[in-house]
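Quick notes on the structure that follows.
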């Protein structure tokens, strides 16, 4: 990378870098490999002044893996580009809760690549959080507890609470072994091994914890900017403080199985037994576990 005429400007101590001197529409496999190295280091990258077409954005995304459309919001996917997902602010396209994309899937998105088509002059910034730093900032006792837990995620924000997945509370990078706190306020519903009240308290603490300023970067957009982030180890949040239209187009690189430490305790519904004593979220979890057992038996 030292031989390339790229300028990389770090944006915060926690994560994020702005990259200039590269034209993504013309990027070849070798340049994409170098960009992947930068992404691993900075977790989110911004490339201003790209003004990529949908075709160019899709072709660029394919350098990093197979692409997938949004599993729930099909009405926001252009028919001519099924790999693309379009969000328009006036149509409810504001992700103003902290989240990691698509964690309700068994294999959540690996990477997202966003094309800022239109944005207001002021406002509509996006904030990103470093989940590795968030995990490393926990006390040793809390790290040990979280390492032995899993969490239920669902697509309730998309009116699909029936779409559920269980993932470790702490995600482990296959390549480096680094750990990240893998829960978010948008899609994570409860800690599997804890009672409802215990889960509520711990989950509220962890989801607030990852939002602390020392773990974050805030980016002010300009039209034509491409952003890409490692969806395994970051969360993001759109600041809903603007007037006017904000239009983005996104492609998503398909993910892999979430790796982490196996849970050290049984799921809470198996501990209490009987649906009569279960809360609403207990019943949701019990249904998920029952469906998983049925799938394994097929």
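The values are calculated or read from the model by the stated rules, or taken from the named source; none is laboratory data. Please read these numbers as outputs of a predicted model, since none were measured by experiment. Cβ atoms come from the backbone with ideal geometry, glycine included; neighbour counts cover every protein chain shown.
Filter segment 161-182 down to the residues that are in a strand (DSSP E or B) and modelled with pLDDT under 90 and list them by number. Please lay out each step first, then the result.
Step one: list which residues in segment 161-182 are in a strand (DSSP E or B), which gives 161-168, 170-172, 179-181.
Once the filter is applied, which keeps residues that are in a strand (DSSP E or B) and modelled with pLDDT under 90, segment 161-182 yields 161, 162.
Here is a yes/no grid of residues against (1) crowded, with 18+ Cβ neighbours inside 10 Å; (2) on the phi > 0 side of the Ramachandran plot; (3) modelled with pLDDT under 95:
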| residue | (1), (2), (3) |
| --- | --- |
| 79 | no, no, yes |
| 102 | yes, yes, yes |
| 142 | no, no, no |
| 153 | yes, no, no |
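Could you grab me the full set of residues in segment 60-72 that are surrounded by fewer than 17 Cβ atoms within 10 Å (Cβ to Cβ) and either at pLDDT below 65 or part of a helix (DSSP H, G or I) (or both)?
Answer for segment 60-72, where residues must be surrounded by fewer than 17 Cβ atoms within 10 Å (Cβ to Cβ) and either at pLDDT below 65 or part of a helix (DSSP H, G or I) (or both): 62, 72.
Filter segment 217-258 down to the residues that are part of a loop (DSSP other than H, G, I, E, B) and either assigned by TED's automatic domain parsing to the domain that holds residue 182 or under 16 Å from the mean Cα position of the chain (by Cα) (or both) and list them by number. So that I can check it myself, show each step before the final result.
To start, the set of residues in segment 217-258 that are part of a loop (DSSP other than H, G, I, E, B) comprises 220-225, 231-233, 239-246, 254-258.
The answer is 231, 232, 233, 254, 255, 256, 257, 258.
Tally up the residues in segment 188-201 that are within 19 Å of residue 132 (Cβ to Cβ) and at pLDDT below 95, please.
Applying the first criterion (within 19 Å of residue 132 (Cβ to Cβ)) to segment 188-201 yields 188.
Then drop every residue that is not at pLDDT below 95, which leaves none.
Of the residues in that region, 0 qualify.
Is it true that residue 222 is in contact (Cβ under 8 Å) with a residue 24 or more places away in the chain and loosely packed, with under 13 Cβ neighbours inside 10 Å? Reasoning before the result, please.
On the way: in contact (Cβ under 8 Å) with a residue 24 or more places away in the chain: yes; loosely packed, with under 13 Cβ neighbours inside 10 Å: yes.
In short, yes.
Just give me the residues in segment 34-59 being outside any loop (DSSP other than H, G, I, E, B), touching a residue at least 40 places away in the same chain (Cβ under 8 Å) and touching a helix residue (DSSP H, G or I) at 6+ places or on another chain (Cβ under 7 Å), in sequence order.
Selection gives 45, 47.
Any chance segment 199-216 includes a residue that's within 26 Å of residue 18 (Cβ to Cβ), assigned to a strand (DSSP E or B) and in contact with a strand residue (DSSP E or B) (Cβ under 6 Å, 6 or more places away or on another chain)?
In the first step, residues of segment 199-216 are kept if they are within 26 Å of residue 18 (Cβ to Cβ); the result is 210-216.
Okay, now just the ones that are also assigned to a strand (DSSP E or B), so 216.
If we keep only those that are in contact with a strand residue (DSSP E or B) (Cβ under 6 Å, 6 or more places away or on another chain) as well, we get 216.
Checked segment 199-216: at least one residue is within 26 Å of residue 18 (Cβ to Cβ), assigned to a strand (DSSP E or B) and in contact with a strand residue (DSSP E or B) (Cβ under 6 Å, 6 or more places away or on another chain).
Is it true that residue 234 is crowded, with 20+ Cβ neighbours inside 10 Å and in contact (Cβ under 8 Å) with a residue 40 or more places away in the chain? Spell out how you get there, then give the answer.
Numbers: crowded, with 20+ Cβ neighbours inside 10 Å: yes; in contact (Cβ under 8 Å) with a residue 40 or more places away in the chain: yes.
Against the criterion (crowded, with 20+ Cβ neighbours inside 10 Å and in contact (Cβ under 8 Å) with a residue 40 or more places away in the chain), residue 234 qualifies.
Name the single residue that is farthest from residue 64 (Cα to Cα) among those in segment 17-26 being crowded, with 18+ Cβ neighbours inside 10 Å and in contact with a helix residue (DSSP H, G or I) (Cβ under 6 Å, 6 or more places away or on another chain).
Selected residue: 17.
Restricting the search to segment 180-189, which residues are in contact with a strand residue (DSSP E or B) (Cβ under 6 Å, 6 or more places away or on another chain), buried (at least 24 other Cβ atoms within 10 Å of the Cβ) and touching a residue at least 40 places away in the same chain (Cβ under 8 Å)? Give the derivation first.
Of segment 180-189, the ones in contact with a strand residue (DSSP E or B) (Cβ under 6 Å, 6 or more places away or on another chain) are 180, 182-184, 186-189.
Restricting the remaining residues to those that are buried (at least 24 other Cβ atoms within 10 Å of the Cβ) gives 180, 182-184, 187.
Selection gives 180, 182, 184, 187.
Can you confirm whether segment 11-33 contains a residue that is modelled with pLDDT of 95 or more, touching a strand residue (DSSP E or B) at 6+ places or on another chain (Cβ under 8 Å) and assigned to a helix (DSSP H, G or I)?
Yes, there is a match, as at least one residue in segment 11-33 is modelled with pLDDT of 95 or more, touching a strand residue (DSSP E or B) at 6+ places or on another chain (Cβ under 8 Å) and assigned to a helix (DSSP H, G or I).
Return the pairs, sorted by first residue and then second, in which the second residue is surrounded by 15 or more Cβ atoms within 10 Å (Cβ to Cβ) and at pLDDT below 85, the first residue lies in segment 270-298 and is farther than 14 Å from residue 194 by Cα, the beta carbons are less than 9 Å apart, and the residues are 6+ apart or on different chains.
Short answer, once both residue conditions are applied: 275/282.
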